[in-house]
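These notes are about the structure you will find just below.
The values are calculated or read from the model by the stated rules, or taken from the named source; none is laboratory data. Predicted model only: the values in this text are computed from it and were never measured. Reconstructed Cβ throughout: ideal geometry from the backbone, glycine too, with neighbour counts over all protein chains shown.
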Amino acid sequence: MTPFGVYVHVPFCSVRCGYCDFNTYTADELGDGATRASYADTAIAEIRQAAASVGRRPVETVFFGGGTPTQLPAGDLVRILRAIDDEIGLVPDAEVTTEANPDSVTPESLAELRAAGFSRISFGMQSAVPHVLAMLDRTHDPDRVPLAVAWARGAGFEHVSVDLIYGTPGETLDDWRTSLDTAISMDVDHVSAYALIVEAGTAFARKVSRGEVVVPDDDETALKYELADSVLGDAGFAWYELSNWATSDAGRCRHNELYWTGADWWGIGPGAHSHLAGRRWWNVKHPAAYASRLAAGDSPEADGEDIDIATAGLEDIMLRLRLREGIEVAALKNVDAMVADGLLGVAADRVVLTLRGRLLADYVIRSVT
C-alpha cells in the first residue's frame, strides 16, 4: 500500500513576517468563526470527513505546520492528533512533527506534546544574528532558541530540527557562519537551510521594489549554500535533500519524504493541499470560509485535478532528483552531458546531483526531463 500521512495546517501567527507568503494570519486579521479557541474542533470535523473517505488506513506521519502550530494550546494539538488516531489510525512508530517558534513553547507545553506522541519538533530559528532577525521581522530573542531546544530534549523529543534562512539583505558571510555554528552547537539532529525568496505580494517584495533593501546576487547565495554544506558536513550532518541535512537516516523528516517520493497525504486546514490515488486538491484558503463550510457539514475543498501519467512522471523526476539517493539513469535524458559538466554523478544505475549540480538544480532538472 502507498505510504500515507496527514498534514495539519494551523494558520495562526503572533506577527506576520514581511517575507512570508504562507497562508497565515494574526488574530486581528480574522473575523468571527475562525478563532484559535474553535480551531481544533473545526480541524477535527475535517478529519472525520477524511476518515469517511479513506477509512482505516495506517498513518505513518503527521506534520503540524503553519503558521505557528504552537500558537494553539498544547491540549488542542493533542486533541487533533488523537482524532487522527481514533478516526484513521496511527502506526505504532508514527513520526509526529510540529513546527514551533522558540518563544511559543514552554517546558510544560513540550512535555504535554511529547507525552501525547509528538516525536519530532522543528524550531523556526532563521538566524542567530539580531540584525538579520530584525530584517526578517522575527520577534524572538536568539538566546531563546538553545533554551527551547534543551526543553524539547528534556521532554524526550526523539528528533529536534532548526530552520535557517540565508541570503537576507545585510547578512554577511560571517553572519551566516555564526548562524550555522550556533545551530550546530545545540542538541539538534536536523537542519533545514533555505535561501530567502522574495515572493510577490509580500511586504518584503514591496521594500525591494522601492529600493529600500537590496537582495544578494546569485553568486553570494551560492557561496552561502556551499558554506552551509561544508560547515554542516564537518559537524556530522549529511545532506539528504537540497535544503535538508541530518546526522543520521533516522533524523530525516519522514513526512517530507512522503511528498518527495510520490506518496499519499491528506491536508487538514485552510489552504491545505492533499494527494490521494492520482488526484490532488486544495481547501479554501481563508480560515473563516473553511470553518463555515465545515460547520455546515460541507467539504472545504476549493478545487482539484486528476494527475495524468505524463505529469506524474515529470513530477516524480523533479522531486526525486532533489534527494541524495538520486534517480535511475533510464528515467532521464542528456545524462552524459550533465555528467561531463560536473552537475551529475553516476553510481551503478543511478544519478545523483553533485554539489555544483545542487547549486544549479533547476537547470539540471529542466535539462534531463
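Pairing residues of region 239-254 that are among the small types (Gly, Ala, Ser) with residues that are surrounded by fewer than 18 Cβ atoms within 10 Å (Cβ to Cβ), at Cβ distances under 6 Å and at least 6 apart in sequence or on separate chains, gives Ser243/Tyr194. Residues in region 136-166 that are buried (at least 22 other Cβ atoms within 10 Å of the Cβ) and at pLDDT below 95: Arg138 only. If you go through region 168-183 one residue at a time, how many are closer than 20 Å to Val215 by Cα and surrounded by fewer than 21 Cβ atoms within 10 Å (Cβ to Cβ)? Result for region 168-183: 8.
Given the criterion of a type in the set (Gly, Ala, Ser), in a loop (DSSP other than H, G, I, E, B) and over 21 Å from the mean Cα position of the chain (by Cα), identify the matching residue among Gly313, Gly297. Reasoning before the result, please.
Working: Gly313 fails: in a loop (DSSP other than H, G, I, E, B).
Testing whether each residue is of a type in the set (Gly, Ala, Ser), in a loop (DSSP other than H, G, I, E, B) and over 21 Å from the mean Cα position of the chain (by Cα) leaves just Gly297.
Restricting the search to region 259-273, which residues are crowded, with 22+ Cβ neighbours inside 10 Å and under 18 Å from Ile88 (Cβ atoms)? Can you show your working first?
As a first pass, look at region 259-273 and keep what is crowded, with 22+ Cβ neighbours inside 10 Å: 265-270, 272.
Within region 259-273, Trp265, Trp266, Gly267, Ile268, Gly269, Ala272 qualify.
Ile80 meets the conditions (1) modelled with pLDDT of 95 or more; (2) of a type outside the set (S, T, N, Q); (3) surrounded by fewer than 23 Cβ atoms within 10 Å (Cβ to Cβ) in every case but one. The failed one is (3).
Of all residues in region 219-238, none are farther than 22 Å from Tyr363 by Cβ, assigned to a loop (DSSP other than H, G, I, E, B) and at pLDDT below 95. Note on region 106-124: residues that are in contact with a strand residue (DSSP E or B) (Cβ under 8 Å, 6 or more places away or on another chain) and farther than 23 Å from Leu164 by Cα amount to 2.
Tell me, which residue of region 222-280 that is of a type in the set (Val, Ile, Thr) and in contact with a strand residue (DSSP E or B) (Cβ under 9 Å, 6 or more places away or on another chain) is farthest from Ala295 (Cα to Cα)?
Residues of region 222-280 of a type in the set (Val, Ile, Thr): 231, 247, 261, 268.
So of that shortlist, the ones also in contact with a strand residue (DSSP E or B) (Cβ under 9 Å, 6 or more places away or on another chain) come out as 247, 261, 268.
Numbers: Thr247: 44, Thr261: 34, Ile268: 15 Å.
So the residue we want is Thr247.
When you go through (1) part of a strand (DSSP E or B); (2) more than 19 Å from Val59 (Cβ to Cβ) one by one for Ala150, which number turns out not to apply? With (1) part of a strand (DSSP E or B); (2) more than 19 Å from Val59 (Cβ to Cβ) applied to Ala150, the lone miss is (1). Within region 95-116, the set of residues being out of contact with any helix residue (DSSP H, G or I) (no Cβ under 7 Å at 6 or more places or on another chain) and in a helix (DSSP H, G or I) comprises Glu108, Ala115.
Against the list (1) surrounded by 13 or more Cβ atoms within 10 Å (Cβ to Cβ); (2) free of Cβ contacts under 8 Å to residues at least 24 places away in the same chain, the condition Glu328 fails is (1).
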